[in-house]
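Each remark here refers to the structure printed beneath this line.
Bear in mind that the values in this text are calculations on the coordinates, not laboratory data. Since the structure is predicted, the reported quantities are computational estimates derived from the model, not experimental observations. Reconstructed Cβ throughout: ideal geometry from the backbone, glycine too, with neighbour counts over all protein chains shown.
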Amino acid sequence: MSDISAGPVGQLRLAPSILAADFGYLAAEVRAVDAETDWVHVDVMDGHFVPNVSIGPPVVSSLRLHSKKFFDVHLMMTQPEHYLSSFAKAGADGCTVHVEIGRTAELIAQARSLGLRVGLAANPDTPFSAVEKFMADIDLLLFMTVFPGFGGQAFIGDVMDKVRQARELVNAKGLLLDIEVDGGINEDTVPIAVAAGANVLVAGSAIFSQADPLAAASQLRYLAVNAQS
């Protein structure tokens, strides 16, 4: 884990997902969008919780040498308890686990004991009630706006109902909680997500698959700021 701060809770954040970057030039890809992004979103897939495999702590450790951004690590894993410590040592600043795997209170406590910023994720078909009871205990609530496993999927608009519910609860109770969305985030969906109450926007293909990733990130930020105002 690094000493890098996530920044003020509730502030608009753009987090490029390195899952969509060219892994052969990963450090350069991240540096290329540094000026227009706030966090680096790292998708970790184990081939069990989702039907795909991505990266592990060694890649995070290597990338940490090339970026001073907050590393927002999304663990799409059935047994994250075996890896939280390794990711913390590798340089993760925050780790997000999925509510669907259970053991949520124990995982939150473990991540907190490691000094990590704690996130909880929910798939598109997971009800809001599954995460609501943990909202006072976490730092970030991630709503998947696609079914996790592969990049480039279409945004599932129905998830915005849960984003709105979460934002209403955060505001009503004064919770120090960021609300993040991930999946199908692009120029068309950024304003929708921000209007619903999301303040952390994970974008992969909409940044790294564009001819000018920095300009693409700048445009997403512009749209997000306008939607928030």
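The figures follow:
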read-out: Segment 47-61 - phi-based ³J(HN,Hα) in whole Hz, Karplus 6.51/-1.76/1.60, Gly and Pro as x; value: x, 10, 5, 10, x, 7, 10, 10, 10, x, x, x, 5, 4, 4
read-out: Interchain or long-range residues, amide H under 5 Å from His98's placed H; value: Met77, Ala121
read-out: Net lengthening on full extension, Val225/Glu132 (0.36 nm per residue, minus Cα-Cα); value: 30.8 nm
read-out: Stretch gain in nm, segment Leu114-Ala195, where the contour uses 0.36 nm per residue and the Cα spacing is subtracted; value: 25.8 nm
read-out: Within segment 1-76, chymotrypsin sites (Phe, Trp or Tyr not before Pro) in DSSP loop having at most 13 other beta-carbon neighbours inside 10 Å; value: none
read-out: Protection proxy ranking, peptides 114-121, 212-219, average beta carbon neighbours within 10 Å, highest first; value: 114-121, 212-219
read-out: Protection proxy ranking of 74-80, 161-167, 62-68 - average other beta-carbon atoms within 10 Å, highest first; value: 74-80, 161-167, 62-68
read-out: Karplus-derived HN-Hα couplings along segment 168-184 (A = 6.51, B = -1.76, C = 1.60, θ = phi - 60°), whole Hz, x at Gly and Pro; value: 4, 5, 4, 5, 5, 9, x, 6, 8, 9, 8, 10, 10, 10, 8, x, x
read-out: Set of lysines with alpha-carbon distance to Lys68 below 16 Å, sequence-local pairs under 8 removed; value: Lys89
read-out: 3J(HN,Hα) from dihedral phi, segment 72-85, Karplus parametrisation 6.51/-1.76/1.60, rounded to Hz, x for glycine, proline; value: 9, 9, 9, 8, 8, 9, 7, 10, x, 4, 7, 10, 4, 4
read-out: Beta bridges per DSSP with both ends in the chain, % antiparallel, nearest 5; value: 5
read-out: Net charge of neighbours whose Cβ lies under 11 Å from the Cβ of Gln79, counting Lys and Arg as +1 and Asp and Glu as -1; value: -1
read-out: Neighbour-count ranking [beta-carbon atoms within 10 angstrom, fewest first] of Val146, Val42; value: Val146, Val42
read-out: Computed [θ] at 222 nm, helices only, for the chain once each DSSP H run of length n ≥ 4 contributes -39500 (n - 2.57); value: -9500 deg cm²/dmol
read-out: Stretchable slack from Asp188 to Ala27, in nm (0.36 nm times residue separation minus alpha-carbon distance); value: 55.2 nm
read-out: Under 23 Å from the Cα of Lys162 - lysines, other chains or at least 8 residues apart; value: Lys133, Lys173
read-out: Arg164-His82 pseudo-label distance in nm [points 7 Å out on the Cα-to-Cβ vector]; value: 4.2
